[in-house]
Amino acid sequence: MHERERHRIILSAVQEKSVVTIQDIAELTEASEATIRRDIAALHVQGKIRRVRGGAEAVHPPQLGNLAGRPFRVSESVNIDKKRAIARVAVDLCDPGDAIIINGGTTTFQMVHFMSAHRMQVMTNSFAIAEHLVKHTKNTVTVPGGVIYREQSLILSPFDNDAIRNFYARRFFIGAQGVGPLGIMEADAQIIQSEQKLMHQADELVVMVDSSKFRRRSSLILCPLERVSTIITDDGIQEDSVRMIEDAGIKLVVASAGLQSVKEDSSSVA
């Protein structure tokens, strides 16, 4: 990753949280901790952040009331090739005229780039997804009412009587903070509340995660693995994660980011 892109990610991260650690930034950028220390030092000299022991802090503290988890603009470029390959596979699952739900996230957002030739009924709580589909495709777009969370580009409603309950979909496409034996994990209770409402409106739940998400954990469980119909990931998935998915009776689809080709695990069940 280029130095300018690393600096952009660091600046975005410290605006989301008061303090970020060197380890956090190294994970986001896939750079060494030594490289991140140099980046933080350079940005500190420029007066854009403050260098602190083990990390960096914002010059101006972030506003209160943000959701937990990385902001959209921070995560958007992380593992972008893998996300794009996963998204292509997800769109290939759809048929003309389908009604689908797409949850907000940087992996699900990549679906929009393959939907220009489609005419589907799309419900999404992602401001970024809705905006792109309206501007660049002929898909019909429905959004729930609610508050727009700028950092995550999400529209979340605290009310039960919003547009969600009137929309029925064949599939619900979501990303996740992590995937483990206990289920699909998220970082924020409000996001989980929104996703669980949307889950009730779809026949199938399709989880779109790059292979790194099988090594991450969060304190909040969205749903057990048994609720998931399909998991789409990249070819970096490890064998123990494959066995976990197969044991749960989930269909596994593996997308190759390098070759832009797709292979389906023939031993997994629908």
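Quick check: pseudo-label points 7 Å beyond the Cα along Cα→Cβ at ARG165 and VAL59, how many nm apart are they?
4.9 nm
Students often get this wrong, so try it: which of (1) 18.6; (2) 19.8; (3) 19.3 is Kirkwood radius over Cα pairs in Å as calculated from the structure shown?
After the calculation, the listed value that fits is (3).
Express the accessible area of the chain per residue in Å², computed with a 1.4 Å probe while the remaining protein chains stay in the model. The partial results should precede the final answer.
Values: 13000 Å² over 270 residues.
Heavy-atom accessible area per residue stands at 48 Å².
Could you check how much of the accessible area of the range 3-64 is carbon and sulfur, as a whole percent, using a 1.4 Å probe?
Details: 1800 of 3660 Å².
Roughly 49 percent of what the probe reaches on the range 3-64 is carbon or sulfur.
Multiply the residue separation of ARG50 and GLU246 by 0.36 nm, subtract the distance between their alpha-carbon atoms, and state the gained length in nm to one decimal. Each step should come with its number before you reach the end.
Values: separation 196, 0.36 × 196 = 70.56 nm, distance 4.69 nm.
Extra length available between ARG50 and GLU246 comes to 65.9 nm.
If amide hydrogens are placed 1.01 Å from N in the peptide plane, which non-local residues have theirs closer than 5 Å to the one on ASP235?
Residues meeting the amide H criterion: ALA255, ALA257.
Show that you can apply the helix-only estimate: for the chain, add -39,500 (n - 2.57) for every DSSP H stretch of four or more residues, divide by all residues, and state [θ] at 222 nm to the nearest 500.
On the way: 9 runs with 86 residues, N = 270.
Computed ellipticity for the chain at 222 nm equals -9000 deg cm²/dmol.
Among ALA26, ALA189, ALA34, which one moves the most in a GNM of the chain with springs linking Cα atoms closer than 10 Å?
Checking each option, the largest mean-square fluctuation is seen for ALA34.
Sort out for me the Cα centre separation of the range 198-237 from the range 9-51, rounded to whole Å.
So the two Cα centres are separated by 29 Å.
Return the subset of LYS197/LYS251; LYS48/LYS82; LYS48/LYS213; LYS138/LYS213 for which the Cα-Cα distance in this structure is over 29 Å, preserving the input order. Could the numbers behind the result be given before it?
Details: LYS197/LYS251 23 Å; LYS48/LYS82 31 Å; LYS48/LYS213 31 Å; LYS138/LYS213 32 Å.
With Cα atoms farther than 29 Å apart: LYS48/LYS82; LYS48/LYS213; LYS138/LYS213.
Could you give the nm distance between label points at GLN193 and ASP81, where each point is 7 Å from its Cα heading toward the beta carbon?
The answer from the label model is 4.1 nm.
Stretched out fully, how many nm does the piece from SER229 to HIS136 gain, at 0.36 nm a residue minus the Cα gap?
On the way: separation 93, 0.36 × 93 = 33.48 nm, distance 2.94 nm.
Taking 0.36 nm per residue and subtracting the Cα distance, the gain is 30.5 nm.
Pop out the ³J(HN,Hα) list for the range 136-142 in order, Karplus 6.51 cos²θ - 1.76 cosθ + 1.60 with θ = phi - 60°, rounded to Hz; leave Gly and Pro as x.
Values, residue by residue: 10, 9, 10, 5, 7, 10, 10 Hz.
The values are calculated or read from the model by the stated rules, or taken from the named source; none is laboratory data. It should be emphasised that the depicted structure is a prediction, and the values quoted were computed from it without experimental measurement. Because the Cβ atoms are built from the backbone with ideal geometry, glycine has one as well, and the counts that use them run over all protein chains shown. Accessible surface areas use protein heavy atoms only, side chains included; no ligands, DNA or RNA. Shrake-Rupley method; radii C 1.70, N 1.55, O 1.52, S 1.80 Å.
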